[in-house]
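Undergrad: Pasting in a structure now, in structure tokens, and then I'll have a few things to ask.
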Amino acid sequence: MPAAQPAHSADRFFVTDGARLRYRDEGGGPSLLLVHGWTLDLEMWDPQVQELQDAFRVVRIDRRGFGLSSGIPNPDRDASDLAALCHHLEIDRVALLGMSQGARSVLDFAIAAPVRVSAIVLDGPPTPESVAADEDVPVAHYRALIRADGIEEFRREWARHPLTQLHTDDARTHALLAAMLARYTGADLAAPSPRPASSDIRASLASVAAPVLIVNGELDLPSRLRAAERLGSLLPQVERALVAAAGHLPNLDNPDAYNALCRTFLNEHANWRNSINRSPHA
């Protein structure tokens, strides 16, 4: 396991339900909450914050057990953690951007509190039928790998998985991704297997009142492109978009195109009258 890393000067922490969670709160305008995917953390959004903080109050969080947040990762607790962060920051209405596993967290939040959500961007989401598991990720294999060979062997294997492959040649982006994977502790894989999920969220998706943009990299896995199509068929208000020259991490592969898509959608749909906020730390 790597040594604990120092907190960035913009890092903030709050405590909820037994965990100390890292977040950053930057910019001003309608509130936008960014939620990262599995094995990643809030620093994946660096290219988006640089571009969007002039128009939005951009809040991003290390989900429970990821990055510099404590606790054991548990997707079932993410929505309540996001709600706790909004309460902590006195944010009543928010736009949401969730990537991969984080897209499910965003949907859970929107289902639980639809009136608080102005707009949603789902980036490379899994199928709506998957709850604790992900059909693209061999979780049982990775659990066994960590038990037998340790976290470093897992990191080496996961770094070769199609979901973590970058298509950009930018060295800084590759370094950013490598640093996030090095921070992932594998606590969820080392913990006992969670109970099987008893249901999926298909029946609840009709309650998502906010407009939704589903984004994929054009080079994302075929299963993720199919998942986006399936999810889009179940939501009331949906737009679809593909990011050119990008895989499962389009915000890193092609940030200019990704940022432009997000800005256009959020400018149209984020509720400016009820969502004007400025970070007290800006």
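Undergrad: Name the residues in region 34-54 that are in a helix (DSSP H, G or I) and either within 11 Å of the chain's Cα centre (by Cα) or in contact (Cβ under 8 Å) with a residue 40 or more places away in the chain (or both), would you? Before the answer, list the steps.
TA: Taking region 34-54 and keeping what is in a helix (DSSP H, G or I), we get 42-52.
Result: L42, E43, M44, W45, D46, P47, Q48, E51, L52.
Undergrad: Under 6 Å between Cβ atoms, which residue pairs at least 6 apart in sequence (or on different chains) link something in region 1-20 that is modelled with pLDDT of 95 or more with a partner that is in a loop (DSSP other than H, G, I, E, B) and surrounded by 12 or more Cβ atoms within 10 Å (Cβ to Cβ)?
TA: A19/R64; A19/S70; A19/G71; R20/S70
Undergrad: Filter region 132-183 down to residues that are basic (K, R) and farther than 19 Å from G37 by Cα and give me whichever is farthest from the chain's Cα centre (by Cα).
TA: To start, the set of residues in region 132-183 that are basic (K, R) comprises 143, 147, 155-156, 160, 172, 183.
Filter again for farther than 19 Å from G37 by Cα, leaving 147, 172.
On the way: R147: 27, R172: 20 Å.
Filtering region 132-183 for residues that are basic (K, R) and farther than 19 Å from G37 by Cα, the one farthest from the chain's Cα centre (by Cα) comes out as R147.
Undergrad: Still on this structure, please answer the following. For the subset of region 225-268 comprising residues that are farther than 22 Å from A110 by Cα and of a type in the set (D, E), which member is farthest from the chain's Cα centre (by Cα)?
TA: D256
Undergrad: Let me ask another. Being within 19 Å of P211 (Cβ to Cβ), in contact (Cβ under 8 Å) with a residue 40 or more places away in the chain, among the hydroxyl-bearing types (S, T, Y) and crowded, with 24+ Cβ neighbours inside 10 Å, is that true of even one residue in region 78-101?
TA: Scanning region 78-101, I find no residue that is within 19 Å of P211 (Cβ to Cβ), in contact (Cβ under 8 Å) with a residue 40 or more places away in the chain, among the hydroxyl-bearing types (S, T, Y) and crowded, with 24+ Cβ neighbours inside 10 Å, so the answer is no.
Undergrad: Which residue out of P138, P47, P73, P128 is out of contact with any Ser or Thr (no Cβ under 6 Å at 6 or more places or on another chain) and under 21 Å from S233 (Cβ atoms)? Lay out the reasoning, then the answer.
TA: Details: P138 fails: under 21 Å from S233 (Cβ atoms); P47 fails: under 21 Å from S233 (Cβ atoms); P73 fails: under 21 Å from S233 (Cβ atoms).
Just one listed residue meets the conditions, P128.
Undergrad: Another question, then. So, R160, is that one at pLDDT 95 or above, assigned to a loop (DSSP other than H, G, I, E, B) and among the basic types (K, R) or not?
TA: Yes.
Undergrad: Can you spot a residue in region 60-75 that is aliphatic (A, V, I, L, M), closer than 19 Å to R12 by Cα, in a strand (DSSP E or B) and in contact (Cβ under 8 Å) with a residue 24 or more places away in the chain? It would help to see each step written out before you state the result.
TA: From region 60-75, those aliphatic (A, V, I, L, M) are 61, 68, 72; that's our starting set.
Narrowing further to those that are closer than 19 Å to R12 by Cα: 61, 68.
Keeping just the survivors that are in a strand (DSSP E or B) gives 61.
Now drop any that are not in contact (Cβ under 8 Å) with a residue 24 or more places away in the chain, which leaves 61.
Checked region 60-75: at least one residue is aliphatic (A, V, I, L, M), closer than 19 Å to R12 by Cα, in a strand (DSSP E or B) and in contact (Cβ under 8 Å) with a residue 24 or more places away in the chain.
Undergrad: Related question: Quick check on V115: is it at negative phi, among the β-branched types (V, I, T) and assigned to a loop (DSSP other than H, G, I, E, B)? Outline the logic, then answer.
TA: Values: at negative phi: yes; among the β-branched types (V, I, T): yes; assigned to a loop (DSSP other than H, G, I, E, B): no.
No.
Undergrad: Check V139 against each of (1) modelled with pLDDT under 95; (2) crowded, with 19+ Cβ neighbours inside 10 Å and name the one condition it does not meet.
TA: It fails just one condition, (2).
Undergrad: Also, I was wondering about something else. In this structure, does H161 turn out to be touching a strand residue (DSSP E or B) at 6+ places or on another chain (Cβ under 9 Å) and surrounded by fewer than 19 Cβ atoms within 10 Å (Cβ to Cβ)?
TA: no
The values are calculated or read from the model by the stated rules, or taken from the named source; none is laboratory data. Keep in mind that this is a model prediction, so the values were computed, not measured. Glycine also receives a Cβ, built like all others from the backbone with ideal geometry; neighbour counts cover every protein chain displayed.
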